[in-house]
Each structure stands twice: as C-alpha cells, then as structure tokens.
Amino acid sequence: MLAKVLSATVVGIEAILVDVEVDIAAGLPQFATVGLPDGAVKESKDRVKAALKNAGYEFPARRITANLAPADIKKEGAAFDLPISIGILAATGVISGQRLNQYLLVGELSLDGSLKPVRGSLPVAVAAKQAGLAGVVLPPENAPEAAVVAGIEVVPAATLAEVVQFLRGEQQLTPHQLDLAQLFQRIDDHSDDFGEVRGQEHAKRAIEVAAAGGHNLLMIGPPGSGKTMLARRIPSILPGMGFDEAIETTAIFSVSGLLDNGTALVTQRPFRAPHHTISDVGLIGGGTSPRPGEVSLAHNGVLFLDELPEFKKHALEVLRQPLEDGRVTISRALQSLTYPARVMLVAAMNPCPCGYLGDPTHTCSCTPLAIKRYRSRISGPLLDRIDLHVEVPAVAYRDLSDRRDGEDSSAISGRVVQARSIQQQRFCGSKVHCNAQMNSRLIRKHCELDPAGHRMLELAGDKLGFSARSYSRILKVARTIADLAGSTPIQEAHLAEAIQYRSLDRKLPTS
C-alpha cells in the first residue's frame with residue numbers, strides 16, 4: 001500500500017515542496033526514513049508511533065518506508081511528523097479523498113497527538129501558493145504568520161485527530177483570517193526618544209543624515225559620551241517598513257526560530273546589537289546546518305556594533321561583502337545558500353585604548369604605538385564602506401543640567417520620511433530603495449556637481465587622501481543632505497557637510 005502526502009522543507013529562507021511517500025509492505029516490523037533526513041527527521045518514527053497510538057489509531061506492525069523526495073535535498077527539523085503520520089493512515093486506508101492532494105501539511109507531533117509549532121511557516125505558505133494548492137494545514141501558533149500570504153487557506157489544527165477528520169471531510173476547520181491593514185498601523189511605542197538626549201547636536205544631525213539615506217555610521221568618542229544611547233534611538237526615526245520588506249524580515253526570523261508564537265509579521269525595523277565576543281559564524285551566518293547570522297537578522301533594520309575594534313578581526317572583514325552587496329552567500333559542499341543582509345550599520349568606538357584621546361578633562365595614557373595598533377584593528381576597506389564618521393565628545397555639564405527637552409524623534413522622523421519619499425520617487429521602478437544603495441551609474445546620474453563642487457572635492461581628496469570608494473560615499477551623503485534640504489542640485493554647502501563626515505577616514509586625531 002502506497003500513499004503520498006505533500007509537505008515542504010526550508011532551504012535558506014525559501015521553502016521547497018517535498019513529496020512524503022509512505023509504503024507499507026509485508027515483512028518484519030521496521031520503520032525506515034529515506035531521502036537525506038537529518039537526526040530530527042529520523043527520530044520522527046518514535047514520535048509518530050506514540051502519537052498515532054495515543055490519538056486512537058492503529059500503528060501497523062509491518063515494514064514501513066517513508067521517502068522524502070526530492071532525495072538530493074537535506075531535510076531538517078520535526079515538521080515532517082504530521083505528513084508522515086498522515087501518510088501512514090492514508091496507506092492503511094484510514095484517510096482518503098481529494099483533500100489529501102490539495103493541502104500541504106507541516107507540524108511537529110507531541111506523544112499525545114497534539115501539534116507543536118515549527119519553523120518557516122511563512123516560506124511554506126508561499127511555496128504552497130506558488131504550487132497552486134488549496135491551502136496549508138499547520139499548528140495554530142503558526143497560523144497568523146502563514147496567513148500573511150493571501151489567496152490560500154491557512155488551516156490551523158491543534159491535534160492529529162482534527163487533521164484526520166478534516167482530510168476525511170468529517171470536520172470543518174475555520175481558516176485563519178488576518179487584517180494586514182491593522183498590522184501596519186504604525187504604533188510609536190519606542191521607549192527611547194531623541195528628545196531625552198542632552199547636547200550632541202552634531203551627532204544627532206549625522207544620525208538624521210544617516211537615517212534619511214540608509215547610510216552606515218561610525219561614532220567615535222570617549223566612554224560615557226552617549227554613543228550607545230544615540231544608537232538605540234535610531235529605530236525611532238526610521239520610516240516604517242513596507243509589506244515586501246516585512247515579508248523578507250519575517251521570513252528570516254521565522255526560519256531562525258526567533259518569531260514569537262502568534263506573531264504574524266515583523267512590522268518594526270529590527271535592531272540587533274551583538275556582543276563583541278560573537279564569532280564570525282554568529283555574525284554572518286553559517287554552521288553545519290547553515291542559519292542566518294546577526295547581519296541577516298538585522299535585514300531592513302539596524303546592526304549596531306558597540307566597541308567596534310574589540311570584535312574579532314576576521315568577523316569584521318567578512319562584513320565587507322554584505323555591506324557592499326546587501327546579501328550573504330554561504331557555500332557548503334552540498335549546497336550554497338544566500339541570505340539577504342541589507343542593513344544600516346551603526347558602529348561605535350573609542351578614539352584610543354583608554355578612550356580619552358583628545359578629551360579636555362581626562363589625560364590619555366596611551367602610547368602612539370598602542371593607538372596605532374588599536375585603530376589598525378579596523379581595516380581601511382571596512383572604513384571605506386562606512387559612509388559617515390562622526391566625533392561624539394563628552395557632554396558638558398551645562399548641557400546635562402539643561403531641563404529643556406531637545407527635538408523629539410517624531411520631528412526628526414518627519415524629515416527623514418520626507419527625504420525617503422523623494423528617494424522612492426527618484427528610484428521608482430528599480431530595486432534601489434535609498435541613496436546608500438546607489439551604484440556607479442546612479443551616482444553619475446543623480447549626484448552631478450557644478451565646477452565649484454568638483455574643485456572642493458578635489459581639494460579635500462588631495463588633503464585627506466580619500467580612496468575611490470570614499471568619493472562615492474561622499475557623493476551619496478551629499479545627495480541625502482540635499483534631499484533633507486529639499487534641493488534638487490547638490491550645492492557646495494551640502495558637499496562640505498558630507499566631506500566633514502569623512503574627515504576621520506584617514507586622519508584621526510593623535511593628540
């Protein structure tokens with residue numbers, strides 16, 4: 001007796017349909033799972049056997065073979081428990097009917113027959129829709145996430161018995177409905193607001209420019225100057241995510257198992273702040289069974305690296321590809337996976353090992369050699385990929401004691417959103433979303449300078465020793481500053497401000 005059930009496995013952030021074929025033949029009792037299963041899939045035979053018995057169904061004491069096709073793709077996780085158990089029941093004649101071929105099944109089984117949530121429900125629902133299936137049957141906790149995909153039934157089932165009765169047409173399960181408009185009603189629930197920041201007007205202006213154009217930012221200042229405090233307030237001024245961005249970000253969190261149960265979409269831009277002891281695999285992604293790293297989990301959001309020179313040098317160097325291309329490619333012997341990694345990098349560092357170089361109230365105790373060695377932990381190519389370098393000096397007492405609130409996040413966000421809308425109109429119809437993503441062709445088209453601007457850029461380049469990549473960064477930042485000012489051409493003042501944000505590129509203060 002042979003039966004086939006439809007399921008799916010997640011590869012990267014996409015799902016691939018899997019035919020779960022179950023054959024029951026005469027012979028000594030045996031349960032074999034083939035089709036390149038991992039350890040969790042192989043263990044499903046024990047969970048399936050106990051779940052079927054405890055749910056009131058007979059487990060056949062015969063030779064059972066479960067094949068997961070295509071056989072050349074590795075199958076991971078416990079999501080095949082449900083389709084394998086349904087396949088056994090279909091092969092023994094307990095289940096029959098059209099629904100068995102119209103619905104995709106995923107779910108982990110408890111020993112009592114109840115369904116537990118699994119990873120990757122959103123990509124699975126997308127794959128089911130693309131295959132033209134009627135719907136997907138899955139645990140109730142995964143239903144809100146999968147229901148984001150329109151045009152397909154998302155059927156939540158709490159137990160194995162409910163799935164059996166639904167497939168036999170004996171019970172109707174109500175498909176999960178979702179109001180997408182309500183999900184995107186932006187709620188300003190940020191607990192951190194720029195109105196609480198005292199002083200640091202220059203740094204706040206640089207952050208506004210970085211947020212308006214999606215630029216990478218490096219803050220340099222002594223301990224206690226407020227670098228981390230400023231960074232944690234950046235999400236409060238970023239524009240809300242669009243539907244496509246939310247789908248991409250949610251898919252990454254889903255396959256990583258970091259999406260809270262019952263959460264349909266990640267509608268707030270992520271803010272990830274890994275500790276400096278993180279490995280390169282944790283930062284970029286990978287492992288024996290490749291998983292997204294922090295740079296992918298921050299996709300469409302902010303990746304904050306505090307104490308930048310303290311990170312492992314190799315981990316920082318592997319950041320160069322995702323910062324340039326907006327994606328991470330992980331190659332293994334059997335497969336090559338690509339994860340999206342379009343992030344706004346925000347980093348913070350001290351000017352020297354002790355942190356007080358150039359501070360008027362503290363004496364620096366570092367030798368020139370120690371300072372040089374400290375700064376050399378950040379390579380020139382990585383610095384080239386950071387658009388803005390800004391000094392964050394210690395806050396004066398008169399600023400700390402000032403009881404007046406500064407400009408709040410809502411006011412800054414209004415200007416950022418207006419500048420982003422200009423960029424959306426400029427890049428309409430392309431895959432570019434903001435100025436930071438412009439390539440060389442777009443820079444030549446949208447960042448044209450007048451003769452005075454060319455002379456200023458040439459003079460600054462000769463004096464500060466900019467690289468070719470630095471010139472492109474300056475033009476992108478100047479384009480953003482002009483957008484904030486509502487100016488179509490890039491004026492000298494816009495270019496001058498952009499140049500000052502690169503003054504730390506090759507010439508940090510040494511005394």
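The values are calculated or read from the model by the stated rules, or taken from the named source; none is laboratory data. Just so it is clear, the model here is predicted, and its values are computed rather than measured. Here Cβ is always computed from backbone atoms with ideal geometry, including for glycine, and neighbour counts include all displayed protein chains. For the accessible areas, the whole protein counts, side chains as well, though only heavy atoms, and no ligand, DNA or RNA atoms are used. Shrake-Rupley method; radii C 1.70, N 1.55, O 1.52, S 1.80 Å.
Quick check on region 177-307: what are the equivalent-ellipsoid semi-axes from the Cα gyration tensor, as sqrt(5λ), descending, whole Å? Each step should come with its number before you reach the end.
Working: eigenvalues 143, 91, 26 Å².
Three semi-axes, in Å: 27, 21, 11.
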Would you mind calculating the relative contact order of the chain from Cα pairs under 8 angstrom and at least 6 residues apart, reporting the percent as a whole number? 13
Determine the sum of side-chain charges near H454: Lys and Arg each +1, Asp and Glu each -1, restricted to other residues whose C-beta is under 12 angstrom from that of H454. -3
Karplus couplings for region 409-423 from phi (6.51 cos²θ - 1.76 cosθ + 1.60, θ = phi - 60°), rounded to Hz, Gly and Pro as x? 5, 5, 5, 5, 4, x, 5, 5, 5, 5, 5, 5, 5, 4, 5
Could you derive backbone 3J(HN,Hα) for region 483-493 from the dihedral phi with the Karplus parameters 6.51, -1.76 and 1.60 (θ = phi - 60°), listing whole Hz in sequence and x where the residue is Gly or Pro? 5, 5, 8, x, 9, 6, x, 7, 8, 4, 5
Identify the GluC sites (Glu not before Pro) of region 103-181 meeting these criteria: DSSP loop state and at most 10 other C-beta atoms within 10 Å of the C-beta. E170
The helix 81-91 Cα axis meets the longest alpha-carbon principal axis of the chain at an angle in degrees, between 0 and 90 and rounded to 10, of 20
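Could you pull out the trypsin sites (Lys or Arg not before Pro) across region 206-315 that fall in loop regions by DSSP (anything but H, G, I, E, B) with no more than 16 other Cβ atoms inside 10 Å?
Values: sites: K227, R232, R233, R272, K312, K313; in loops: R233, K312.
The qualifying sites are K312.
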Cross-link partners of K204 among lysines (Cα-Cα below 26 Å; sequence separation of 8 or more within a chain): K227, K476, K507
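Taking the Cα centre as origin and putting +1 on Lys and Arg beta-carbons and -1 on Asp and Glu beta-carbons, what dipole magnitude results for the chain, to the nearest 20 debye?
On the way: 55 positive and 55 negative charges, 263 e Å.
Its charge dipole is roughly 1260 debye.
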So, taking all protein chains as they sit and a 1.4 Å probe, how much accessible area belongs to D325, in Å² rounded to tens? 80
Residues of the chain: accessible area per residue at 1.4 Å, in Å²? 44
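Taking 0.36 nm per residue of sequence separation and subtracting the Cα-Cα distance, how much length would be gained by fully extending the chain between R198 and S421, in nm to one decimal?
Working: separation 223, 0.36 × 223 = 80.28 nm, distance 2.93 nm.
Answer, rounded to one decimal: 77.3 nm.
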Could you grab the relative contact order for region 312-457? Cα pairs under 8 Å, six or more apart, rounded to a whole percent. 14
Considering only the other residues whose Cβ falls under 10 Å of the Cβ of E208, what net charge follows from Lys and Arg at +1 and Asp and Glu at -1? +2
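Identify the trypsin sites (Lys or Arg not before Pro) of region 349-415 meeting these criteria: DSSP loop state and at most 15 other C-beta atoms within 10 Å of the C-beta. Working shown, then result.
On the way: sites: K372, R373, R375, R377, R385, R398, R403, R404, R415; in loops: R377, R385, R403, R404.
Answer in residue order: R377, R403, R404.
Rank R479, R269 by accessible area, highest first, at a 1.4 Å probe radius? Spell out each step's value before the answer.
Numbers: R479 10, R269 45 Å².
These residues rank, largest area first, as R269, R479.
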Point-to-point label distance, A25-A411, nm (Cα→Cβ direction, 7 Å offset): 7.8
Express the carbon and sulfur contribution to the solvent-accessible surface of region 381-511 as a percent, rounded to the nearest whole number, probe 1.4 angstrom. 51
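Take the cross-link list K4/K74; K75/K129; K312/K463 and give me the ones stretching past 25 Å between alpha-carbons.
On the way: K4/K74 19 Å; K75/K129 21 Å; K312/K463 32 Å.
Exceeds cut-off: K312/K463.
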Calculate how steeply helix 243-255 sits against the longest principal axis of the alpha-carbon atoms of the chain, using the helix alpha-carbon long axis, and give the answer as 0 to 90 degrees to the nearest 10. 60
How many nm is it between the label spots at D112 and K42, if each spot is 7 Å from the Cα in line with the beta carbon? 3.0
Work through the residues other than I422 whose Cβ is under 12 Å from its Cβ and net out their charges, Lys, Arg +1 and Asp, Glu -1. +3
Rounded to 5, percent antiparallel among DSSP beta bridges of the chain: 50
Could you size up the charge dipole of region 15-167 around its Cα centre, putting +1 on the beta carbon of Lys and Arg and -1 on that of Asp and Glu, and report it in debye to the nearest 20? 220
Angle between the chain longest axis and helix 451-464 axis [Cα atoms, degrees, rounded to 10]: 90
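Which value, in debye to the nearest 20, gives the size of the charge dipole of region 404-511 about its Cα centre, when Lys and Arg are +1 and Asp and Glu are -1 at the Cβ? Show your work: numbers first, answer last.
On the way: 17 positive and 11 negative charges, 105 e Å.
Computed charge dipole of region 404-511: roughly 500 debye.
Taking R0 as 41 Å, what's the FRET efficiency between Q335 and A496 from their Cβ-Cβ distance, rounded to 0.05? The partial results should precede the final answer.
Numbers: r = 49 Å, r/R0 = 1.20.
Given R0 = 41 Å and the Cβ-Cβ separation, E is 0.25.
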For the chain, what are Rg and Dmax over the alpha carbons, in angstrom? 27.5, 88
